[in-house]
Structures are given as C-alpha cells and as structure tokens.
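Here is the structure we will look at.
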Amino acid sequence: MKLTDFDFHLPESLIAQHPLKNRTDSKLLVLDRETGEMEDRHFYNIIDYLKKDDVLVLNNTRVLPARLHGHKKDSGGHVEMLLLNPETNGYKVLIKPARRVHVGTEIVFGDGELTATPLEKHDNGIYIVKLQYDGILEEVLDGLGEMPLPPYIKAQLEDNERYQTVFSKHSGSAAAPTAGLHFTTELLSQIKEKGVDIVYITLHVGLGTFRPVAVENVEEHDMHSEFYSIEKSTAKRLNEAKEKGHRIISVGTTSTRTLEANFRTYKKFVATSDWTDIFIYPGQDILSVDGLITNFHLPKSTLLMLVSTVSTRENILKAYNHAVEKEYRFFSFGDAMLII
C-alpha cells in the first residue's frame, strides 16, 4: 500500500485557525461505513445517530501547556523547549535551536521557577533533560507555558481551555484529542439521558501524531509510542457491550488506538496501563469499535489511514473530497465526521 493512496487536494483556506464560539456548531459529515452514503449535518445532531445501550468512549487526557521559552544561563541565548513525556532518567523534550544546546547546558525559564539541564542529546532536536522546580510541575507550567498548538495553526489561542475537552482530567498530552472538542457538558447530559453509556479511557497524545510518513511503502512506517490507561470499570462495561452486541463508538483516533491496542493484545478489554505503538491501516480488521467520531485529518497521515480502516479507503477519500467541496473546516479546530 502506497503513501500516495492517501493523498487528496486540500485548499489551505480550509485549515481552521480558530475554534468556533459554540463547540457543537461545527459541521458533521455522517458516513455509512458500509455503503459510503453521506449526510451533511451539524455536531449537535450527533444525538440522532446514537442509540440506547451504545457505549461512547472518550479520551479524558488533558493537554499540558508544554511549550516553554527560556534562555541559556551562560550566554542568555533564547531557547524554545517542548515537553514530550517523562522517561525513567528524566524528561523527553524537543529543543530549538538544537545546534546551540549541548549536554550540561542549563536552561532557565521565567525567573528561575523552572530549569532544565540536558543529560542526553538525540537526533532531530530530541533531548533527555533533568527538570528542577519547586512544587507541582503542572502548576509551574500553568504559569510559564503555552499550549503546544499544531504547526498548521498560525493564530494565537485566546483561551487555553478551547484546546481542552470539557471532560479533560489527566494531564500529560502534547496535543488535544480533537474529536472530543466538539462536546459540551450539556450535550453529554443529553446523550446520557438517551440511554447511551459514556466511558473514559486515557491516552496521552504525543507529537508523533503530527510526524509525517516519510516512506512510500506505508507498511514500513515506524509508528510513535503513546501511554494509555483503561480502568477496571471501563473494561467491564466494554466487555459487556461486546457480549450483548451493543455498539461501541470511539471518539477520536486516540480512543480507537487505545481500544484496538488493548483488544488485540488480550482478545478482550482489560484494565491496564501500558504503551502502544499500534499502527492501524487498511487491510487490517477493526476488532474493538463499531463506529468512530473524528475530525478531518492531513493528507498522507497515519490518522487518515486509521480512519480509512473503519470504513474503506475509497469511502473515506470520497467523503473527504465531498468535505472539501462543501467547505468543511479541517484539522484540530475543524469540523467532524461520524462513521457508523
């Protein structure tokens, strides 16, 4: 399977730079995963497609304001640092400009509330650093950090909470699980009142989500790894749904990666905390979910490949071309698609 099989024309004007004032006002393209038939709706219509005893799976990760601007203690030179994830011997980060930062260089943020000292230097600006601070890291970052918006969003974010889901709980992501951004507490309440079960998993989104595929043969792509967690009560409810033939609908590619990695490993849903580098692309069977709510993704991306697996590549590309024609908004702050 070739990378060019997942290409499509996307006008730059359709890349959403700002979130809508009302989360549920985004457009919703409803796609029948079997027939490829489509409907143009709005996200607040999502409740019309959910049924009693469906299980809706949301990722409750919370984005860290992990982009930091500081200076080298010895020379005063500017340094930008993005926190990625904790490691056993420090914290993995991305540093710019990498050529000017060496192992042992102390980097100061704010008035010294946070310092970072590189312990190891890897390729592409990746370092393992020792962080020093007083108190709780999340609170320090709230005072010093910026939201790590994707590189295709050029506008400044006026309210950091608009890059968080209303149900975010566990801090650790370098990017938002963007399909969840469309939900409000009111809509979630309406969904529950309809008899839909809502359960939560946690997957901390890594920057590998935005890393382009660099090989033409898709199967040769080296997938990034992300930390996930499933609680005992969630696994129990998901297994009950499987046994009774009730639909499991995942919200976002992150929820889908979590469920599919877990189900493929254990042949059922099991409570665990683990890392996954699962790569889902057409030709594989989706075992864990019956539907997917997702945003519109980049051409040639692993996310587009995953979405294509829930239906077919042909159906998804047809839907994406329809979305371009109807001027849907793309990517993190864009519109949504329900595949069911």
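The values are calculated or read from the model by the stated rules, or taken from the named source; none is laboratory data. Predicted model, so just to flag it, every value in this text is computed and none were measured. Cβ coordinates were reconstructed from backbone atoms using ideal geometry, including for glycine residues, and neighbour counts include every protein chain displayed. Protein only, heavy atoms only, side chains kept; ligands, DNA and RNA dropped before computing areas. Shrake-Rupley method; radii C 1.70, N 1.55, O 1.52, S 1.80 Å.
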Q: Starting from the range 262-285, keep only residues that are under 11 Å from Met223 (Cβ atoms), then list their pairs with residues that are at pLDDT 95 or above and basic (Lys, Arg) whose Cβ atoms are within a distance under 8 Å, requiring at least 6 positions of separation or different chains.
A: Thr276/Arg257; Ile278/Arg257; Ile278/Arg264; Ile280/Arg257
Q. Is at least one residue of the range 176-187 open to solvent by less than 30 Å² (accessible area, probe 1.4 Å) and without any contact (Cβ under 8 Å) to a residue 60 or more places away in the chain?
A. no
Q) For the range 123-143, what are the residues that are open to solvent by less than 50 Å² (accessible area, probe 1.4 Å) and touching a residue at least 24 places away in the same chain (Cβ under 8 Å)? A) Gly125, Ile126, Tyr127, Ile128, Val129, Leu131, Val140, Leu141
Q. What is the residue count in the range 43-63 for residues that are within 30 Å of Leu20 (Cβ to Cβ) and open to solvent by 10 Å² or more (accessible area, probe 1.4 Å)?
A. 9
(Q) Name the single residue that is farthest from His322 (Cα to Cα) among those in the range 36-45 being touching a residue at least 40 places away in the same chain (Cβ under 8 Å) and over 20 Å from the mean Cα position of the chain (by Cα). (A) Tyr44
**Q.** Selection count, the range 307-340, where residues are crowded, with 23+ Cβ neighbours inside 10 Å and over 21 Å from Ile46 (Cα atoms)
**A.** 0
Q. In the range 1-33, how many are touching a residue at least 40 places away in the same chain (Cβ under 8 Å) and closer than 21 Å to Ile316 by Cα?
A. 22
(Q) Can you list residue pairs whose Cβ atoms sit under 6 Å apart, with the first residue in the range 295-323 being more than 21 Å from Ser255 (Cβ to Cβ) and the second being basic (Lys, Arg)? Count only pairs 6 or more apart in sequence or on different chains. (A) none
Q. Taking the range 148-169, which residues are more than 19 Å from Arg329 (Cβ to Cβ) and of a type in the set (A, V, I, L, M, F, W, C)?
A. Val166, Phe167
Q) If we keep just the residues of the range 272-284 that are under 21 Å from the mean Cα position of the chain (by Cα) and part of a loop (DSSP other than H, G, I, E, B), which is nearest to Ser225 (Cα to Cα)? A) Asp277
Q) Just to be sure, is Ala241 surrounded by 19 or more Cβ atoms within 10 Å (Cβ to Cβ) and within 26 Å of Glu87 (Cβ to Cβ)? A) no
